[in-house]
Amino acid sequence: MSTLLEHWGEQDFPTAARELLADSQLRKNVRHATGVITNKRAKVVGELPDWQQLRDSGSAVREHVLSHLDEYLLQFEENCTRAGGHVHWARDAEEAKQIVLSLIQAQSVKEILKIKSMTTEEIHLNQFLDEHGIHAHETDLAELIIQLGKDKPSHIVVPALHKNRQQVRELFVREMGLPELGDQPQDLTAAARSYLREKFLRLSVAVCGANSLIAETGGVCIVESEGNGRMCLTLPKVLISVAGIEKVIPRFQDLEIFWQTLPRSATGERMNPYNSLWSGIHKGDGPEEFHVILLDNGRSSILYDKEAKQTLKCIRCGACQNACPVYKQTGGHAYGSVYAGPIGAILTPQLHKMEQGSSLPYASSLCGACYEVCPVKINIPEVLIHLRGKVVEQEQETLEGKLGPWNIGMQAAAQIFSDGWKLDLAQKAGRIGQKPFIAKSGFIENLPWMLGGWTQVRDLRPLPQQSFREWWAEREKATTKGDSNK
Amino acid sequence: MHWNTGYLKEAIPIIRHFVDVYRDSEVVCIPSSSCVSMIRDHYPKAAEETGDVKLIADVEALLPRIYEFTELLVNKLGVEDVGATFPHKVTYHASCHSMRSLHLGDIPYRLLNKVRGLELLPLENIDQCCGFGGTFSIKNADVSSAMLADKAVSVLNTGAEVCTAVDNSCLMHIFGSLHRQRTFVRTAHIAEILASESLGGAK
């Protein structure tokens, strides 16, 4: 198993990225898949004359919800309960896992069904259940691939994006015992279908997530591409949904916005193939018992942060990941978290209250491509800068941080930039100081310490012997002396 | 640089100094879209955070006088033909800030199209970040280099001799690779091209 998977979440982004950049198969897979989805997205978004207004509305609804989150959650609980569902509140991952465990144990089963849920990945539910002798079978094809391969998801919508067809075939041959398996998409899906079908018909408990919780009706909605969701939501006796508290929307009517923006942003489709909506339970139809576990796990503390609060508007479409030029190079594993790419760079460190993932806010060139595609207009670059501010504050609280090369360098630069004569002096000093670094080519090809990061693939033109201001001053003097004007 | 890297309080004296220096300028012309973006997108908020009423007012008074170089020519001065001659094959790289923050649109193209002798070749994947990102180029040098590799390929694929942009930050980064690879392609800020008058051209 790669170092990365073994030390999941422990390596910082630059270190993890370096390992992944060396994997050219991975880079090819990621580049191809994100390119395909990006093109599809552009086409279906281009069809809508009011895409920008949809973004504005989506953002407004989400902002409104966040300002009244307590009201809407209580409203959801009331209506869901009235419809025959049970609502549980989980402060953190531990509490959520315990609740899920006891609900499953009450059914005396050792195997359950899982629909793809990034929230359950966030709390590491499957591992926890395994430790208690319960195996959760992933039924989403990509999550199945991840599970069989003892891998980790690398994208919130297409978690196995880093694997290509050949790699999947090899995995199925090995794990499903199918030596004759063909390598066409139809062969692979047929294999997955048989493998999963017998589980759908046999198992009586399913765990899912939720795309939206509807306060007005106490309803839950899940949209998906494969139909495994539909199987798991209708066949089992007991259905358990784990949902982040920010998933709630006020009214049924609000789906009008998100059911247009989510599928287009996520998979480049006008509509998801399967759209499931239900409230509570219905006698004689579907599950007999339905539970929703409302998960906080760090979300409510994000609410207090005026700048970063917009992080919670996210509807988990993954468009930012597909648009991101950094993600395109490394794939999702570089972020060491289920939430990768731009949204991961802001959500992951905040969920850990800035105690983990402090390199993630820097995993961005601030190009803004993510903000441009976000269907709910999260200004990710702005939140990144805000979180960088927090990381710097933390760094400056320790002696090691205060005396570190970055802090020293930035303090010195701040001094130099604060006055013209200081900049002038620094430039003059630089012209002398750079001399030993200038190669025969007349360029700087090698710089020491961390500046070596620049020169590993880039040359650097030395500071000119005359700055523009010096040239201008000379020119002015020459002109006023009566020389010919241009 | 400080603001973008998270040294927010360290940026404040620099902002104050800038506001001070240009307090009485009728127009401030800035040949860098990322600098203009910093001023337009972040100065107001930075000032607000200080709670300094005077600074907030000063920034507000400064903003309308800030122009990116090509904005100044086309929007303020209404000039597209500056009388330049630059008989070379050129490709234009649209920097992230120029596209997504300043929304320059076709302003640079309008200027380049009037340059005598200049053959403008379109850059593929023009919306892809070159990978500079300020301190990102050092903090995440490996990924920055990977992004640069893609951008260099796109530039070389155009067949242009010169790659231009409204930002020297991107150009320094792109040139860094083109020069390291000993390609025949060089970079020139759009101002250098527009200042070229004779067949000699900008060096």
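The values are calculated or read from the model by the stated rules, or taken from the named source; none is laboratory data. Keep in mind that what you see is a predicted model, and the values were worked out from it rather than measured. Neighbour counts are summed over all protein chains in view; Cβ atoms, including those assigned to glycine, are modelled from backbone coordinates with ideal geometry.
Structure values in brief
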| item | result |
| --- | --- |
| Filter pass, A:Ser441 being of a type in the set (Gly, Ala, Ser), surrounded by 16 or more Cβ atoms within 10 Å (Cβ to Cβ) and over 21 Å from B:Cys130 (Cα atoms) | no |
| Counted residues, region B:19-37 - those being in contact (Cβ under 8 Å) with a residue 12 or more places away in the chain and either within 8 Å of chain A (Cβ to nearest Cβ) or of a type in the set (Phe, Trp, Tyr) (or both) | 1 |
| Conditions (1) more than 27 Å from the chain's Cα centre (by Cα); (2) assigned to a loop (DSSP other than H, G, I, E, B): number failed by A:His162 | (1) |
| Selected residue [assigned to a helix (DSSP H, G or I), in contact with a Ser or Thr (Cβ under 9 Å, 6 or more places away or on another chain), free of Cβ contacts under 8 Å to residues at least 60 places away in the same chain and farther than 17 Å from B:Gly134 by Cβ] from A:Gln415, A:Gln394 | A:Gln394 |
| Members of region A:208-234 that are under 24 Å from A:Ile104 (Cβ atoms) and among the charged types (D, E, K, R) | A:Glu224, A:Glu226, A:Arg230 |
| Among residues of region A:118-150, those that are surrounded by fewer than 21 Cβ atoms within 10 Å (Cβ to Cβ) and outside any helix (DSSP H, G or I), counted | 8 |
| Among (1) within 8 Å of another protein chain (Cβ to nearest Cβ); (2) over 28 Å from A:Val30 (Cα atoms); (3) not acidic (Asp, Glu), the one test that B:Arg110 misses | (1) |
| Residue count for region A:447-476, restricted to those that are part of a loop (DSSP other than H, G, I, E, B) and either within 11 Å of another protein chain (Cβ to nearest Cβ) or closer than 14 Å to B:Met172 by Cα (or both) | 9 |
| The listed residue being within 30 Å of B:Gly6 (Cβ to Cβ), of a type in the set (D, E, K, R) and under 37 Å from the mean Cα position of the chain (by Cα), out of A:Lys402, A:Lys422 | A:Lys402 |
| Residue within region A:247-268 that is closer than 23 Å to A:Glu78 by Cβ and assigned to a loop (DSSP other than H, G, I, E, B) present | yes |
| Of all residues in region A:15-64 being in contact with a Phe, Trp or Tyr (Cβ under 8 Å, 6 or more places away or on another chain) and not β-branched (Val, Ile, Thr), the one that is nearest to the other protein chains (Cβ to nearest Cβ) | A:Ala16 |
| Test: residue in region A:398-419 that is of a type outside the set (Ser, Thr, Tyr) and over 30 Å from A:Leu360 (Cα atoms) | yes |
| B:Leu194 more than 10 Å from every other protein chain (Cβ to nearest Cβ), buried (at least 18 other Cβ atoms within 10 Å of the Cβ), modelled with pLDDT of 95 or more and closer than 27 Å to B:Asn113 by Cα | yes |
| Matching residues, region A:351-399, being facing another protein chain (nearest Cβ under 8 Å), surrounded by fewer than 19 Cβ atoms within 10 Å (Cβ to Cβ) and either within 15 Å of the chain's Cα centre (by Cα) or of a type in the set (Val, Ile, Thr) (or both) | none |
| Region B:118-134: number of residues that are without any contact (Cβ under 8 Å) to a residue 60 or more places away in the chain, assigned to a loop (DSSP other than H, G, I, E, B) and either touching a strand residue (DSSP E or B) at 6+ places or on another chain (Cβ under 8 Å) or more than 8 Å from chain A (Cβ to nearest Cβ) (or both) | 6 |
| Complete set of residues in region B:142-163 that are among the small types (Gly, Ala, Ser) and more than 8 Å from every other protein chain (Cβ to nearest Cβ) | B:Ala152, B:Ser154, B:Gly159, B:Ala160 |
| A:Ala429, sole failed condition from (1) within 12 Å of chain B (Cβ to nearest Cβ); (2) on the phi < 0 side of the Ramachandran plot | (1) |
| Some residue of region B:50-62 being of a type in the set (S, T, N, Q), out of contact with any Pro (no Cβ under 8 Å at 6 or more places or on another chain), surrounded by fewer than 14 Cβ atoms within 10 Å (Cβ to Cβ) and not in a loop (DSSP other than H, G, I, E, B) | no |
| Of the criteria (1) surrounded by 16 or more Cβ atoms within 10 Å (Cβ to Cβ); (2) over 26 Å from A:Glu393 (Cα atoms); (3) among the polar types (S, T, N, Q); (4) more than 34 Å from the chain's Cα centre (by Cα), which one A:Thr455 fails | (4) |
| Those residues of region A:400-421 which are facing chain B (nearest Cβ under 10 Å) and surrounded by fewer than 19 Cβ atoms within 10 Å (Cβ to Cβ), in sequence order | A:Trp406, A:Asn407, A:Gly409, A:Gln411, A:Ala413, A:Ala414, A:Gln415, A:Ile416, A:Ser418, A:Asp419, A:Gly420 |
| Counted residues, region B:62-79 - those being among the hydrophobic types (A, V, I, L, M, F, W, C) and closer than 16 Å to B:Met38 by Cα | 4 |
| A:Ile346 vs. criteria at the interface with another protein chain (Cβ under 7 Å from one of its Cβ atoms), at pLDDT 95 or above and either under 22 Å from B:Cys96 (Cβ atoms) or assigned to a helix (DSSP H, G or I) (or both) | no |
| A:Asp56, sole failed condition from (1) of a type in the set (Asp, Glu); (2) surrounded by 17 or more Cβ atoms within 10 Å (Cβ to Cβ); (3) under 24 Å from A:Cys374 (Cβ atoms) | (2) |
| Residues of region A:349-375 classified as outside any loop (DSSP other than H, G, I, E, B) and either among the small types (Gly, Ala, Ser) or touching a strand residue (DSSP E or B) at 6+ places or on another chain (Cβ under 8 Å) (or both), total | 1 |
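Quick grid of which residues meet (1) over 30 Å from A:His137 (Cα atoms); (2) assigned to a helix (DSSP H, G or I); (3) of a type in the set (S, T, N, Q):
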residue: A:Lys28; (1), (2), (3): no, yes, no
residue: A:Ser57; (1), (2), (3): yes, yes, yes
residue: A:Leu74; (1), (2), (3): yes, yes, no
residue: A:Thr81; (1), (2), (3): no, yes, yes
residue: A:Val87; (1), (2), (3): no, no, no
residue: A:Glu94; (1), (2), (3): no, yes, no
residue: A:Leu113; (1), (2), (3): no, no, no
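This table checks each residue for (1) more than 24 Å from A:Leu255 (Cβ to Cβ); (2) touching a residue at least 60 places away in the same chain (Cβ under 8 Å); (3) under 25 Å from the mean Cα position of the chain (by Cα).
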residue: A:Asp183; (1), (2), (3): yes, no, no
residue: A:Asp187; (1), (2), (3): yes, no, no
residue: A:Glu198; (1), (2), (3): yes, no, no
residue: A:Glu216; (1), (2), (3): no, yes, no
residue: A:Val223; (1), (2), (3): no, no, yes
